[in-house]
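Working notes, structure below.
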Amino acid sequence: MDNHINKAEPNKWVERYSELMYQYVLPRVNDNDIAQELIQETFLSALKAINGYRGIASEKNWLFSILKNKIIDYYRKKALQRGIVTMPDLQEYDNEWFDTGGQWVEEKAPKNWQVPENIIERKEIQRIINWCKDHLKNLQQQVFTLRYMEELDSDEICKVLSITPSNYWVLIHRARLQMRSCVEKKMV
Amino acid sequence: MKKFIMKYLMLNCKDATFLMSKRDEGKLSMIDRMRLSLHISICHLCRKFEKQITEIGLGTKNVHSDFQLPVDVKSKLKKVLDEMGNSLVENF
């Protein structure tokens with residue numbers, strides 16, 4: 001439970017939150033060094049802004065909101081370094097999934113799943129999801145992460161990644177197709 | 001009649017799965033929303049796709065790493081924070 005009196009105690013931040021932050025940020029950036037860097041930056045930004053902390057949010061939520069911004073900034077910087085996205089022909093990408101009439105190719109069509117019923121299975125599914133996400137192609141992975149882990153909407157994601165909406169919709173479609181199929185394969 | 005509907009009113013599975021993400025953000029026209037609902041109502045594969053993607057979305061939100069932050073990294077973080085804290089106090 002959070003304390004009712006929310007007072008920032010920077011000398012306890014590392015003990016209290018660094019582990020949680022690490023476990024949160026690592027799957028989101030997929031890189032150990034960057035994860036640690038973002039945690040450090042978060043603590044330093046928080047320290048600088050500490051007089052602005054009014055204790056309305058819990059200390060933990062406050063730090064995590066700074067961390068979330070750091071993650072999004074990281075994706076933004078990465079996009080700026082990358083330059084303009086050129087997308088392969090839009091018509092061709094999903095031949096893997098659909099036939100020429102746009103119907104599911106049989107071996108790629110969704111099969112029945114057993115819905116996880118207990119925590120362990122749910123944990124197992126999350127492990128699978130994370131594995132599949134790590135194996136998405138670069139931009140698909142970024143789009144998927146920002147959409148489903150950071151829960152940004154399409155307009156925000158287009159801005160962060162410097163991509164057009166039409167690129168976005170194609171990328172998220174591919175990412176969803178790929179993720180579903182990967183999770184299904186790994187679950188069996 | 002069914003063939004007629006399939007051909008002229010229905011989306012195919014590729015378009016239907018494409019439009020689902022747009023619909024989730026309220027970015028479909030009325031007519032596309034209707035076409036999508038119609039497709040989902042008669043296509044069990046796309047229905048499955050939709051359900052499973054929802055499942056994955058929920059799971060993704062809660063993904064956390066099991067890795068532990070190495071102790072030396074923690075002490076390094078503490079040191080950096082302390083130094084920064086001291087320099088802030090000095091500047092007052």
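Just so it is clear, none of the values below were taken in a lab; they were calculated from the coordinates. Since the structure is predicted, the reported quantities are computational estimates derived from the model, not experimental observations. Heads up, the Cβs are rebuilt from the backbone with ideal geometry, glycines too, and the neighbour counts pull from every protein chain shown.
Close amide H pairs (under 5 Å, H built 1.01 Å from N) link A:Phe98 with A:Val105, residues at least 5 positions away or on another chain. Between B:Ile42 and B:Thr54, the modelled label-to-label distance comes to 2.2 nm, taking each label 7 Å out from Cα in the direction of the beta carbon. Scanning chain A for GluC sites (Glu not before Pro) that sit in a DSSP loop and have at most 13 other Cβ atoms within 10 Å, the longest stretch containing none of them is A:1-91.
Prolate is the label for the stretch A:10-82. Its Cα gyration tensor axes, ordered a ≥ b ≥ c, give a/c of at least 1.5 and a/b above b/c. With the cut-off at under 16 Å, measuring from each backbone N in the stretch B:44-88 to a point 7 Å along the Cα-to-Cβ line of A:Glu121 picks out B:52, B:55-56, B:59. Sorted from longest to shortest, the spans of the Cα atoms of chain B along the three principal axes equal 81, 32, 15 Å. Under the classification rounded if a/c is under 1.5, otherwise prolate if a/b is larger than b/c and oblate if not, where does the stretch A:90-186 fall, given a ≥ b ≥ c as square roots of the Cα gyration tensor eigenvalues? Oblate, because a/c is 1.5 or more while a/b does not exceed b/c.
Applying 0.36 nm per residue to the separation of A:Glu156 and A:Asp99 and subtracting their alpha-carbon distance, the gain on full extension is 17.3 nm. Among the cysteines of chain A, A:Cys158 have no other cysteine beta carbon within less than 4.7 Å of their own. Diffusion of the protein assembly as shown by Stokes-Einstein, at 37 °C in a medium of 0.692 mPa s and with Rh set to the Kirkwood radius over alpha-carbon pairs, works out to 155 µm²/s. Distance between the C-alpha centres of the stretch A:46-87 and the stretch B:42-67: 26 Å, rounded to the whole angstrom. The lysines within cross-link reach of B:Lys61, meaning a Cα-to-Cα straight distance under 17 Å and a gap of 8 or more places when in the same chain, are A:Lys68, A:Lys123, A:Lys133, B:Lys51.
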